[in-house]
Amino acid sequence: MTGDAGAANAATLEVVRTALTSGDLAPLQRVLSPEVRWNGCRSRDEVLATLRGMLGGGGAPPRLSDAQLHGDHAILLVTWPARDVKRWFVLTFDADGLVERMQGYDDRSVAEHDLALRAAGPPADAPGRPPPAVTGLVAFVHVADVARSLAFYRRLGFAPVNSHAPHDEVVWAFLESGPAQLMLARADAPVDHRVQAVLFYLYAKDLAGLRDHLVAHDVVVSEIFDGTPGPKQEMRVEDPDGYVLMIAQIEDESGAR
């Protein structure tokens, strides 16, 4: 990183610090890339709208407790004193010092782990040892009524092999028909048939290794979290078009959960 780039990144970080401290987000317009990405947001306007929602809504506003530069990245600690919540954010700067990507973390050690991997760059492939890879894929469909969808898919030969039904209402089910597999979950919002609410669910034998491999290649990946009632370890990834991939740990290549 050149001195000019370092100065630009530091200037941007100062603007971010001042904006979050004061609650006036207008200056962020000039330091966020037009295509900045963050947690499903894929433009500057979407990011600013989400940030305004976080800063508004009554109660004590969030507080910027710490901000440090790490080369082409910065790590920020934001706290919500009234809710006793704290969250770390990693900012990635482009060549002009604009924020092109934001990622939130619950654990600072995971954020620092990712920064170290990105700084080191992709490792050389070990001879005869392929990198961690995805070994399974299951479609995960959000539906308005899981029970109704179960009845429909039964007509296609699918049978539920696992389900979750708190309060006697099925909200999640795993179906199989021979080698074909499908997951259904109750949608949190009305399902628009013009916008198919489908994501891809994948499985890997070495989830942590796969995560390190993706991060080292500068792919944005969530922390590994508990996906109950599904797998105990899973992570979230978006492909270049914004399609969501959920990848879970398995014990073998058969897809056992």
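The values are calculated or read from the model by the stated rules, or taken from the named source; none is laboratory data. All figures in this text were calculated on a predicted structure; none of them were measured in a lab. Note that we place each Cβ from the backbone using ideal geometry, even for glycine, and neighbour counts take in every protein chain shown.
Tell me which residues, restricted to region 29-54, are in contact (Cβ under 8 Å) with a residue 40 or more places away in the chain and either part of a helix (DSSP H, G or I) or not small (Gly, Ala, Ser) (or both).
Val31, Leu32, Glu35, Val36, Arg37, Trp38, Asn39, Arg42, Val47
Working carefully through the options Ala10, Ala74, find the one that is within 27 Å of Ala119 (Cβ to Cβ), of a type outside the set (D, E, K, R), over 23 Å from the mean Cα position of the chain (by Cα) and surrounded by 13 or more Cβ atoms within 10 Å (Cβ to Cβ). It would help to see each step written out before you state the result.
Numbers: Ala74 fails: over 23 Å from the mean Cα position of the chain (by Cα).
Within the list Ala10, Ala74, the selection yields Ala10.
Conditions (1) among the aliphatic types (A, V, I, L, M); (2) in a loop (DSSP other than H, G, I, E, B); (3) under 21 Å from Ala111 (Cα atoms), marked per residue:
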site	(1), (2), (3)
Met183	yes, no, no
Val219	yes, yes, yes
Gly227	no, yes, yes
Pro231	no, yes, no
Val237	yes, no, yes
Pro240	no, yes, no
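For region 181-195, give me each residue that is surrounded by 10 or more Cβ atoms within 10 Å (Cβ to Cβ) and under 10 Å from His142 (Cα atoms).
As a first pass, look at region 181-195 and keep what is surrounded by 10 or more Cβ atoms within 10 Å (Cβ to Cβ): 181-187, 191.
Across region 181-195, the qualifying residues are Met183, Leu184, Ala185, Arg186, Ala187, Val191.
Do any strands (runs of 3 or more DSSP E) entirely within region 56-141 hold 1 or more residues that are charged (D, E, K, R) and touching a residue at least 60 places away in the same chain (Cβ under 8 Å), and if so, which?
On the way: elements: 63-70, 73-80, 85-93, 99-105.
Passing ranges, in order: 99-105.
Of the residues Phe200, Phe174, Phe225, which is aromatic (Phe, Trp, Tyr) and in contact with a Ser or Thr (Cβ under 9 Å, 6 or more places away or on another chain)? Outline the logic, then answer.
On the way: Phe200 fails: in contact with a Ser or Thr (Cβ under 9 Å, 6 or more places away or on another chain); Phe225 fails: in contact with a Ser or Thr (Cβ under 9 Å, 6 or more places away or on another chain).
Result of the check over Phe200, Phe174, Phe225: Phe174.
Any idea which residue in region 45-62 is surrounded by the most Cβ atoms within 10 Å (Cβ to Cβ), counting only those that are more than 15 Å from Val15 (Cα to Cα) and modelled with pLDDT of 85 or more?
Our first condition is that a residue be more than 15 Å from Val15 (Cα to Cα); within region 45-62, this holds for 45-47, 49-50, 52-62.
This time we only want the ones that are modelled with pLDDT of 85 or more, so: 45-47, 49-50, 52.
Numbers: Asp45: 13, Glu46: 15, Val47: 21, Ala49: 12, Thr50: 15, Arg52: 12.
Here the answer is Val47.
When you scan region 51-60, do you find a residue that is within 22 Å of the chain's Cα centre (by Cα) and under 17 Å from Val220 (Cβ atoms), even just one?
Taking every residue of region 51-60 in turn, none turns out to be within 22 Å of the chain's Cα centre (by Cα) and under 17 Å from Val220 (Cβ atoms).
Within region 142-190, which residues are among the acidic types (Asp, Glu) and within 24 Å of the chain's Cα centre (by Cα)? Quick ask: steps written out before the conclusion?
Taking region 142-190 first, the residues among the acidic types (Asp, Glu) are 145, 168-169, 176, 188.
Asp188 - this is the single residue of region 142-190 that is among the acidic types (Asp, Glu) and within 24 Å of the chain's Cα centre (by Cα).
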